[in-house]
Amino acid sequence: MQLNTPRIVPALDAPESIRRRNWRMLKDRLATYSMTLGGISVIIAIVLIFFYLLYVVYPLLVPASATRTADYALPAPDAGNTLFLDVDEKADLGVRFTHLGHVVFFNAKNGAVISDETLKLPSDVQITSYNANEENGLMLYGLSNGHVVLIQRHFRESFEGQRRVIKPEITYPLGDNPVVLDEKNQSLIALSLQRDSKSTTLTGITQDQRLIVANYQEKESFLEDDKTLERTASEIHLSEGSDIQFMVLDKNQENLYLANKHGQILQYNVKDKEKPLLMQTVPAFEKGQITTLKILTGGISLLVGNSEGKVSQWFPVRNEKNEQPLTHIRDFTSQNASIIQISTEQRRKGFVAADSEGKIGIYNSTAHRTLLVEKISDVSLKQLVISPRADNLLAEDVKGQIYLWKVHNEHPEVSWTALWGKVWYESYPKPDYIWQSSSASNDFEPKFSLTPLTFGTLKGALYAMLIAVPLAIFGGIYAAYFMSPKMRGIVKPSIEVMQAIPTVVLGFLAGLWLAPFLEKNLPGTFAVFLIIPLGVLLFAWLWHITPKRFTNWLPDGWHAAMLIPIVLILLAISFYLSAPLEQLLFDGDMRLWLNKVGITFDQRNALVVGFAMGVAVIPTIFSITEDAVFSVPKHLTTGSLALGATPWQTMTRVVILTASPGIFSAVMIGMGRAVGETMIVLMATGNTPVMDFNLFQGMRTLSANIAVEMPESEHNSTHYRVLFLAALVLFTFTFLVNTAAEVVRHRLRKRYGSL
Amino acid sequence: MKNWFKSGDPWIWLTAASVSLSLIVVFSLVIIIMARGLGYFWPATIIEARYEEPNVPPITMLGEIYDYEKVLTRRLSKNLQPLANGEEFIKRSLIKTGNRELYGLDFRWVVAPALKEIRYPENVLVVERREWGNFYGYLQALKQNGQVVSTGEEAWKKLSGELSRAHDLFSKINHIEKGEMGAINYNLEKLRLKERRLQLQNDSDPKKKAEIEEQRQSYHKQSEEHKKQLTDLYKEINRDSIVVKEMGGKEVEITLAKVVAAYRPNSLSFPQKIAFYLGKVWEFMTDEPREANTEGGIFPAIYGTVIMVLMMSLIVTPFGVITAVYLHEYAKQGFLTRTIRIAVNNLAGVPSIVYGVFGLGFFVYFLGGSIDRIFYPEVSPAPMFGTPGLLWASLTLALLTVPVVIVATEEGLSRIPKSIREGSLALGATKAETLWRTILPMASPAVMTGLILAIARAAGEVAPLMLVGVVKLAPSLPLDMNAPFLHLERKFMHLGFHINDLGFQSPNVEAARPLVYATAFLLVLVIIILNLTAIWIRNRLREKYKSLETV
């Protein structure tokens, strides 16, 4: 039978149908692929956050490494033994100061001699001692006639077209002629020097064990071109057998440290150059002899190396008697053979020590960290210097071989103790937790302790939770269980809106309005905690004893609305009582009273943060609690009520118990929010990183710290990475807390499903 | 009573009280912000009084009462204590006296009882200026080219005409300086970069060079012309000035070029005050900020916020929806999807500052730095994309809000009854067709809810933006008339950051305070409206599916 009606739909096996079907299938597959791709890529992007934070933080954990660039025989061996090695900023040029008074500049990459200059010395004297200061390129020679010669090496950088050229040069800052240090013309056996723009302090030990301290002030004379030197000096006869071997002077030209053969350190105060004072004599080590002394960058710490391979850090610490005795701070014991020389990094609190086994050790003092111990020669090392950028090492061994090593040591300042433990920082009376990250000068010791920040974070969260948890949980319970549905329809959206109020608004209200308000009404603020609960109870009792016919007009579940004016009145009473209370209890001024009992008071304090952040987390906790309580199956409660329990008994014995995991997760999520909150803390506290539970003091939290310091931190610096670490800590903490809460909630949901 | 306690009723009352307290907190927050923010625009009455502190020669005070407080008499200095008449508390008023250039400060705390003979003179003039804040005084004369043309009441009558002339000139100058000269400078900078690019590519084609040079000359010529115009305009605008007598009796001359508005608040009638108020509100919404943001409007901040939020929505909507659809419709339901779901949910709880840190490190330094190196080598050493800006801020906030959209969309998807999906498939539709024609349209209100919540969150978020692109004062808007119109690399202003900056970094906190409240009110209002809309959509959605399920 033939159908005459036109086909509306082509036959299933018609070519066009097949084509169309294939096209549709293709589209379907394409949709599947693109959805999968898109979905997975978003998920990857989210995972990326964690891994990127980790990726930035990771270099902090990497120890230092060193690779050999070159080694070659001593350049210009006839010029004499090396007294001191030095190297320029980019390790292109090396220089060697010799005992014959030569200064040999050589290509640090291959040892080719570039220039060999000879000091202008009188013919009948020898160099008997020296002292170098690589930070400003100074080298001081002590002569056998009690004179000294000060020279300064320069690496003059210039550009010929695109090419960088360095020209070495030597100048004589104190004039071409040797300067008298010892007026008795005795041979000098040890020297030290410090020099700033105008004043130079030199100290020397003579052969007959006298200590000479001399200060030279340069005076420009008006008429002639040359400078004149004004010398102020004094000398001390050291006792017989004092056997001084080494000597260093600190940067302020105030403290002089001497080390003798008996392993003792002598500290002299040479602030008054005419009257040096022996402050103390301390034994440096229990075992072994002192082999080298060095001042750490910044000019405060003294590094002492000994024959056992130990390096100790000492610095003056102020005690109760306002003295500053030299105090032993920490030891570095990663090397086993006698320390030959210590070279300090010029821009960080790090140093490198060379030992007699041919090993070098790279250390950081603040972090108390050994970053690397590496053998670079088979025989004992003789000389060692680290370049100003701390990325190249130049060393010489006793056989006269010179080694150039490249050092990768990006973030030595960070270690577990530096981040979380107590660290004894320079100029502090005791080990402490300090966060103080930035300063303009290289001499500054960065203090990267995350402990005070973490403490501040937890303190803020704790006070916020103290306010939010009771209010939100009680509120949530009431809203879910006792409140009439109609009122719930108003309350729930209000609370959700509260959740959406930007924290920057809460923060600014807290800082600009609440903080001064609380300061003015402190006693009233505390009265609130007492007056409101008591007042509400009193009102409830009055309500209870009022005959029913007067109270019947209030439908069930509208207590909360009824209470709004009551609570407002109670609030007003509390703050009205503030001034009289202050008069009565705190002599009219609670702030003064607090100061008197030893509690510091900041206007923007933890109390303000507690209130503001409390308001920020109440909605979170409230909603989740309400959800949890509300989803407790009805048959449980009706059963309990049917068995004669009062509503409150049902509440506490049945509902809360069943909903407790949900309430727990509400608290956890609220906690997570309080921990990570930034703007409120930033605006409502003074952001000082103190560690104190004081309710009336501010704090600095991890998040606020990031917000304050991140914009100023240099890309990829240690500071930058430590801030990333702070972010990672926050991320991990909140993620774990939230996951725990979420898992608990899922469990709960499953259990209700079965009920 | 014991029985009453036993029944647990008191505890129920206590829990009810915590709800009441929470509600009070929410509403009082909004009310405080609203009252303080909206009150600012109302023309305040100016008082004139003799201020007599004991043992100090009396001075005349002219200004508006800004605030007052009660303090303990004992805390005042000994000199002032007798004024309290033995009362324990004494009222202090904060008076805005303006005239900052004369006295160094424009706010003063005074002890209220020492204000004697308070009057409200009808003819007090308030002059709002572009610099140095308000000026309060009595109009003495109107000058043209240094010559007095009218005095007293006549001057006041003429003033409004001259002022509107000055305003016209000012907007002309502004148009040339900001608009045309700005465009020229922008184009010149583009030429410089083009030239540098040629240099880097070692392209020394003289033709191209000449072309650039020619264009540059033409721009320079235009710029010269504008400069000439400007000199004329400046001469014009500096023609008029007014002489005002301030409270100390000194006569001060103010050029009209510096005057934003001049009015006599005490003589305004109520309808006039309302008109004034509305004008002020309009000015606040549409004007550029003045005086380190402490005066004028917040237009760039509103603009920046809107543009940033729009960009973010463009990014977050497709990605959020695709992820939700993938998780709900395509991915195999099992341990993995459950884990992902929990993870996504938790990301909403990760502190926003962490996103900021990530944005700065990954988007700005890594992505932006790479883009600069590869595509814009000519801008070095000044970074173009390698510095915080609009694009990175939008991306960071998109990442921050994507969980919100995912969660909301998924919820919407899970509310669609299975029968609808199955029905569609049974009729022969492919999965993609089911999705496109049935599921997504039904879920669109849920997507909308998610998007609104995301926008509300993004508009209020400040901490991450501080790291990835917000500044306190942006020289140019992120969207303007210079091609390519949308400048993704530019920094922008933001309402939330504006609040933080005004309230805490401002040089004149007292003057900035009402503006902070007004800005905060605007922000809160926008966010509350957005949220209420989202809640409303959600509730409607629930109703709708409830009826679907019963069918």
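The values are calculated or read from the model by the stated rules, or taken from the named source; none is laboratory data. It should be emphasised that the depicted structure is a prediction, and the values quoted were computed from it without experimental measurement. Don't worry about glycine lacking a Cβ; one is built from the backbone with ideal geometry, like all the others, and counts go over all protein chains shown. In case anyone asks, the SASA skips ligands and DNA or RNA and just uses the protein heavy atoms, side chains included. Shrake-Rupley method; radii C 1.70, N 1.55, O 1.52, S 1.80 Å.
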Taking the condition open to solvent by 20 Å² or more (accessible area, probe 1.4 Å), in a helix (DSSP H, G or I) and closer than 30 Å to A:Val9 by Cα, does B:Ser414 pass?
no
So A:Phe448, is it buried (at least 21 other Cβ atoms within 10 Å of the Cβ), more than 7 Å from chain B (Cβ to nearest Cβ), under 31 Å from the mean Cα position of the chain (by Cα) and hydrophobic (A, V, I, L, M, F, W, C):
yes
Any residue in the range A:280-289 that is more than 20 Å from A:Ser65 (Cβ to Cβ), acidic (Asp, Glu), part of a loop (DSSP other than H, G, I, E, B) and free of Cβ contacts under 8 Å to residues at least 12 places away in the same chain?
yes
Restricting to the range A:613-625, and then to whatever is more than 10 Å from every other protein chain (Cβ to nearest Cβ) and of a type outside the set (Val, Ile, Thr), can you tell me which residue is farthest from A:Gly672 (Cα to Cα)?
A:Ser623
Conditions (1) within 28 Å of A:Val675 (Cα to Cα); (2) facing chain B (nearest Cβ under 8 Å); (3) of a type outside the set (Gly, Ala, Ser); number of the one not met by A:Phe517
(2)
Identity of the residue in the range A:474-505, within 8 Å of chain B (Cβ to nearest Cβ) and closer than 24 Å to A:Leu657 by Cβ, that ends up most open to solvent (accessible area, probe 1.4 Å):
A:Phe474
Please enumerate the residues belonging to the range A:687-712 that are closer than 16 Å to B:Pro464 by Cβ and of a type in the set (Ser, Thr, Tyr).
A:Thr701, A:Ser703
In the range A:644-691, how many are under 22 Å from the mean Cα position of the chain (by Cα), open to solvent by 50 Å² or more (accessible area, probe 1.4 Å) and polar (S, T, N, Q)?
1
Any residue at all in the range A:392-399 that is under 21 Å from A:Asn716 (Cα atoms) and buried (at least 23 other Cβ atoms within 10 Å of the Cβ)?
yes
For residues that are more than 9 Å from chain A (Cβ to nearest Cβ) and modelled with pLDDT of 90 or more, scanning just the range B:329-363, find the one that is surrounded by the most Cβ atoms within 10 Å (Cβ to Cβ).
B:Gly359
Please go through the range B:418-457 and pick out each residue that is farther than 30 Å from A:Asn22 by Cβ, more than 10 Å from chain A (Cβ to nearest Cβ) and either in contact with a strand residue (DSSP E or B) (Cβ under 7 Å, 6 or more places away or on another chain) or open to solvent by less than 20 Å² (accessible area, probe 1.4 Å) (or both).
B:Ala446, B:Thr449, B:Gly450, B:Ile452, B:Ala454
Tell me which of these B:Trp132 doesn't satisfy, since it passes every other one: (1) open to solvent by 70 Å² or more (accessible area, probe 1.4 Å); (2) under 20 Å from B:Val509 (Cβ atoms); (3) part of a strand (DSSP E or B).
(3)
Given (1) more than 10 Å from chain B (Cβ to nearest Cβ); (2) in contact (Cβ under 8 Å) with a residue 40 or more places away in the chain, identify the lone condition not met by A:Pro547.
(2)
Among the residues of the range B:483-501 satisfying the criterion of being assigned to a loop (DSSP other than H, G, I, E, B) and open to solvent by 30 Å² or more (accessible area, probe 1.4 Å), which is nearest to the other protein chains (Cβ to nearest Cβ)?
B:Lys491
Selection from the range A:506-533 of residues surrounded by 21 or more Cβ atoms within 10 Å (Cβ to Cβ) and either closer than 23 Å to A:Ile624 by Cβ or among the small types (Gly, Ala, Ser) (or both) yields A:Leu506, A:Gly507, A:Ala510, A:Gly511, A:Ala515, A:Gly524
Go through (1) open to solvent by less than 60 Å² (accessible area, probe 1.4 Å); (2) away from chain A (no Cβ under 12 Å) and name the single condition B:Thr73 misses.
(2)
B:Thr317 fails exactly one of (1) within 18 Å of A:Val56 (Cα to Cα); (2) in contact (Cβ under 8 Å) with a residue 12 or more places away in the chain, namely (1)
Any chance B:Ser20 is closer than 30 Å to B:Val526 by Cα, within 14 Å of chain A (Cβ to nearest Cβ) and of a type in the set (Ser, Thr, Tyr):
yes
Limited to the range B:23-67, what total is found for residues that are open to solvent by less than 50 Å² (accessible area, probe 1.4 Å), assigned to a helix (DSSP H, G or I) and not hydroxyl-bearing (Ser, Thr, Tyr)?
10
Which one is modelled with the lowest pLDDT among residues in the range B:203-219 that are open to solvent by less than 80 Å² (accessible area, probe 1.4 Å) and of a type outside the set (A, V, I, L, M, F, W, C)?
B:Asp203
Got a sec? Which of A:Ile49, A:Ile40 is open to solvent by less than 30 Å² (accessible area, probe 1.4 Å), in a helix (DSSP H, G or I) and over 30 Å from A:Ile114 (Cβ atoms)?
A:Ile49
Part of a helix (DSSP H, G or I), open to solvent by less than 20 Å² (accessible area, probe 1.4 Å) and within 14 Å of another protein chain (Cβ to nearest Cβ): which single residue out of A:Ser17, A:Ser34 fits that description?
A:Ser17
Would you check if A:Leu636 is farther than 24 Å from A:Pro470 by Cβ and either in a helix (DSSP H, G or I) or hydrophobic (A, V, I, L, M, F, W, C) (or both)?
yes
I'm checking my understanding of the structure. Among residues of the range B:364-400 that are open to solvent by less than 40 Å² (accessible area, probe 1.4 Å), within 10 Å of chain A (Cβ to nearest Cβ) and over 25 Å from the mean Cα position of the chain (by Cα), which one is modelled with the highest pLDDT?
B:Gly369
Here are some residues: A:Thr625, A:Thr638, A:Thr620. Which one is among the β-branched types (Val, Ile, Thr) and surrounded by fewer than 17 Cβ atoms within 10 Å (Cβ to Cβ)?
A:Thr638
Just wondering, is there one or more residues in the range A:58-76 that are touching a residue at least 40 places away in the same chain (Cβ under 8 Å), closer than 30 Å to A:His719 by Cα and either in contact with a helix residue (DSSP H, G or I) (Cβ under 6 Å, 6 or more places away or on another chain) or within 14 Å of another protein chain (Cβ to nearest Cβ) (or both)?
yes
When every residue in the range A:521-533 that is part of a helix (DSSP H, G or I) and touching a residue at least 40 places away in the same chain (Cβ under 8 Å) is compared, the one nearest to the other protein chains (Cβ to nearest Cβ) is A:Ile532
When you scan the range A:671-687, do you find a residue that is more than 7 Å from chain B (Cβ to nearest Cβ) and either free of Cβ contacts under 8 Å to residues at least 24 places away in the same chain or in contact with a Cys (Cβ under 7 Å, 6 or more places away or on another chain) (or both), even just one?
yes
